[in-house]
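Each value in this text was obtained by applying a stated rule to the coordinates, not by laboratory testing. Being a predicted model, the structure only gives us computed values, none of them experimental. Neighbour counts are summed over all protein chains in view; Cβ atoms, including those assigned to glycine, are modelled from backbone coordinates with ideal geometry.
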Protein chains: 2
Amino acid sequence: MSDKGYILKEADLLPLSIGAALLGTGGGGNPYVGMLRMRELVRKGAEVRVIPAESLADDAWVCEVGGIGAPVVGIEKIEEGGECYRAMRAVEEAAGVKVSAMISAEIGGSNSLEPIIAAALAGLPVVDGDGMGRAFPEVQMTTFFIYGAKAAPAAIADDKGNVVVFKEVIDMFWLERFARTVSVDMGAAAGLAIAPMRADFVRRTAVPGTVTQALNIGRSVLDARTRRQNVVQRVVAEAGGKLFFTGKITDVRRELTGGFARGHAILSGVDAWAGSEARIAIQNENLVLWVDGVPAIMVPDLIVNLELDTGEPITTEVLRYGQRVAVIGLPAHDLLKTPAALEIVGPRAFGYPELTFVPLDGRPIAA
Amino acid sequence: MSDKGYILKEADLLPLSIGAALLGTGGGGNPYVGMLRMRELVRKGAEVRVIPAESLADDAWVCEVGGIGAPVVGIEKIEEGGECYRAMRAVEEAAGVKVSAMISAEIGGSNSLEPIIAAALAGLPVVDGDGMGRAFPEVQMTTFFIYGAKAAPAAIADDKGNVVVFKEVIDMFWLERFARTVSVDMGAAAGLAIAPMRADFVRRTAVPGTVTQALNIGRSVLDARTRRQNVVQRVVAEAGGKLFFTGKITDVRRELTGGFARGHAILSGVDAWAGSEARIAIQNENLVLWVDGVPAIMVPDLIVNLELDTGEPITTEVLRYGQRVAVIGLPAHDLLKTPAALEIVGPRAFGYPELTFVPLDGRPIAA
């Protein structure tokens with residue numbers, strides 16, 4: 001990758017969407033529709049350059065966008081495509097600045113493609129990085145907000161022409177609250193843009209290189225399939241992860257409450273895990289994996305379910321009885337594991353006060 | 001009243017609040033707290049002039065404001081006082097205009113005082129009129145929206161510092177939807193300002209003279225009490241209404257759903273109505289009165305419950321078993337009875353498809 005980055009080609013979109021689905025840790029929505037939409041734009045001549053944050057001037061403005069709503073809805077309610085673009089234009093106007101680049105709130109799931117589509121519509125580049133390095137269910141759960149991004153002005157747009165600006169908002173939790181209920185009003189599928197951030201701030205706080213990471217994971221999956229290799233093993237190797245469980249789903253519970261899909265899945269072990277039982281807690285994403293009652297992986301580390309035989313990432317909304325699943329764990333980026341970050345994206349933030357975060361990679365956590 | 005109107009004096013505030021409570025037809029929230037707040041402002045030197053819409057230049061901008069939220073909450077959650085003022089400033093900025101006067105969305109209940117408080121804080125006059133001539137539960141139920149006011153930009157502000165701008169909104173129903181859920185997030189008590197309207201439009205569409213009407217009704221109530229006259233009879237005479245029922249409340253049901261207080265009250269007749277039973281349907285306000293199963297008064301005409309012995313208006317949230325009540329009917333303004341208006345504020349709009357509106361005053365309805 002040169003300093004100027006690279007242009008996304010049509011052939012990149014499928015692997016990007018596969019890698020993004022995997023990094024979605026079961027949530028983030030399926031990127032397939034966004035991939036198709038972006039493919040249309042590329043075929044019509046759109047060129048989006050993926051650039052490292054380092055290539056931007058310190059005082060350039062970067063706008064973080066993402067779709068907001070419950071992924072369960074996302075399956076049936078197809079976004080019109082311009083939601084994030086219109087939300088970005090509204091924050092540009094509200095903040096009185098000109099945006100130079102887009103960045104993804106979350107690389108995991110459909111929000112990997114959202115800023116790329118908005119960038120294509122705006123004729124802007126997209127920064128190689130994001131605010132989560134995975135997917136999380138709530139707006140404030142980004143490294144940007146954890147490290148001090150302003151909660152306002154932000155804006156949300158739908159497919160019908162509605163645009164709502166969060167002009168003054170006390171903090172990121174209030175932004176999440178307002179954006180969530182307005183997105184539910186909008187039919188639980190809308191585009192959210194947060195206040196433009198300066199490039200030097202984005203450089204310090206974004207999880208770096210995640211667009212390229214998703215692309216590389218997706219390429220490995222496709223390559224392994226072509227070569228008839230074991231996709232799960234190949235993904236574990238490419239992503240630097242570890243296999244934690246293989247099993248068959250015996251129970252799935254999901255409820256759509258307050259704009260979130262909450263629930264859990266129970267797996268009965270197969271192969272090396274025969275006789276064991278695993279449980280995965282879900283709030284849009286996979287939050288915690290217990291194996292035989294012992295916590296094995298927990299947020300912010302990534303819990304990824306792959307179809308055991310094909311290596312296909314399984315999103316929480318398509319989990320079903322009888323599926324054979326490999327559960328792999330990937331270490332979260334260090335920016336998500338500081339004490340400040342764990343306050344927002346650690347197990348306690350998700351309602352598990354009894355769990356103390358133990359990082360998968362065993363590395364000490366910076367203060 | 002001269003062309004230039006009159007300044008509201010401290011002694012006007014109590015009668016204004018009494019008259020406004022009565023015009024609230026059981027809803028609109030209790031104006032008492034707003035009255036106390038405005039009294040403080042007047043004592044500190046605030047002067048608010050009540051002006052006829054005719055005194056404004058055609059192209060002056062008028063801003064309609066009102067509190068939004070469930071009145072049941074309003075009892076306990078006291079507004080900070082600057083909500084409507086901050087919402088007005090936000091729409092001024094969003095619309096890029098300078099507002100010359102405030103006007104009330106609804107003269108009935110606490111929203112009689114809201115624009116007056118905002119006007120005091122802004123140093124502006126308030127127009128003698130409003131968008132309902134009474135109270136209604138939803139944002140779009142004003143003569144302004146019925147006759148074509150724009151749904152955006154509008155803004156909502158709370159007591160904590162949050163300001164949300166509805167920048168582009170498809171129509172007034174979407175505005176109601178967004179404003180309602182954001183107001184619930186804000187704790188079900190917030191100030192809403194709608195897009196500034198030109199004075200010539202306000203002149204054509206506002207229910208005229210309602211601030212003065214509320215003031216005069218309140219003065220009659222106070223005067224009747226001083227003279228130990230029958231307050232109910234005096235109010236009926238002053239407001240041009242008719243007594244429809246006297247009874248004792250035998251059942252009240254109220255539920256707070258989706259930001260509204262919905263329910264009904266059952267009354268067992270006394271005096272001339274002994275042996276009869278009345279039922280009043282409620283959605284924040286009194287919607288329909290049935291006497292012995294026959295519809296007697298229905299929206300948009302006003303159904304007002306007064307305490308039988310004191311003539312005190314009874315809001316729906318304080319209705320209780322055993323209260324002795326006089327139910328009076330007041331004719332709505334003609335602007336609320338056109339076919340276009342009945343679409344929005346007639347019985348069908350409130351979920352009574354079986355009821356055809358029959359006006360209390362028997363006057364033909366203009367097309």
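Suppose you put the label 7 Å out from Cα in the Cβ direction; list, shortest first and in nm with one decimal, how far residue B:225 is from each other copy's label.
Inter-copy label distances (nm, one decimal, shortest first): 7.8.
Taking only Cα atoms and a 10 Å spring cutoff, compute GNM fluctuations for chain B and point out the largest among B:210, B:257, B:25.
B:257
Starting from the Cα gyration tensor of the range B:1-62, take the square roots of the eigenvalues, sort them a ≥ b ≥ c, and report rounded, prolate or oblate (rounded when a/c is under 1.5, otherwise prolate if a/b is larger than b/c, else oblate).
In terms of gyration-tensor shape, oblate.
How far apart are the residue B:277 label points across copies, placing each 7 Å from Cα toward Cβ, in nm, shortest first?
The projected label point of residue B:277 is separated from its counterparts by 5.5 nm.
Among B:197, B:141, B:298, which one shows the biggest mean-square fluctuation in a GNM of chain B, springs joining Cα atoms closer than 10 Å?
Top of the fluctuation ranking is B:197.
What is the extension gain from residue A:40 to residue A:229, computed as 0.36 nm multiplied by their sequence separation minus the C-alpha to C-alpha distance, in nm to one decimal?
64.9 nm
For the range A:199-326, what does the relative contact order come out to in percent, with C-alpha contacts under 8 Å and a separation of six or more?
So the answer I get is 21 percent.
Place a point 7 Å from Cα of residue B:7 in the direction of its Cβ. Which residues in the range B:22-59 have their backbone N less than 17 Å from it?
Once the point is set 7 Å along Cα→Cβ of residue B:7, B:38-52 turn out to lie under 17 Å by backbone N, inside the range B:22-59.
What does the C-alpha gyration tensor say about the overall shape of the range B:172-292? Classify as rounded when a/c is under 1.5, otherwise prolate if a/b is larger than b/c, or oblate.
Since a/c reaches 1.5 but b/c is at least a/b, the shape of the range B:172-292 is classed as oblate.
For chain A, modelled as a Gaussian network with Cα springs under 10 Å, which listed residue fluctuates most, A:237, A:332, A:157?
With Cα springs under 10 Å in chain A, the top fluctuation among A:237, A:332, A:157 is at A:237.
If each residue of separation counts as 0.36 nm, what is the full-extension length gain between residue A:340 and residue A:358 once their alpha-carbon separation is subtracted?
Gain on stretching residue A:340 to residue A:358: 5.0 nm.
Relative to the other copies, what are the label-point distances for residue B:294, with labels 7 Å from Cα along the C-beta vector, expressed in nm at one decimal and sorted shortest first?
The projected label point of residue B:294 is separated from its counterparts by 8.1 nm.
Taking square-rooted eigenvalues a ≥ b ≥ c of the alpha carbon gyration tensor, is the range B:78-201 rounded, prolate or oblate, where a/c under 1.5 means rounded and, failing that, a/b exceeding b/c means prolate?
Here the range B:78-201 falls in the rounded category.
Per DSSP H run of n ≥ 4, the term is -39500 (n - 2.57); total these for chain A, divide by its residue number, and report the mean residue ellipticity at 222 nm rounded to 500 deg cm²/dmol.
When only DSSP H runs of four or more count, the value is -9000 deg cm²/dmol.
Using a Förster distance of 25 Å, how high is the FRET efficiency between residue B:248 and residue B:294, based on the Cβ-Cβ distance and rounded to 0.05?
The value I calculate is 0.80.
Can you tell me how much longer the chain between residue A:57 and residue A:200 gets when fully stretched, taken as 0.36 nm per residue apart minus their C-alpha distance, in nm with one decimal?
Full extension of this stretch gives 50.7 nm more.
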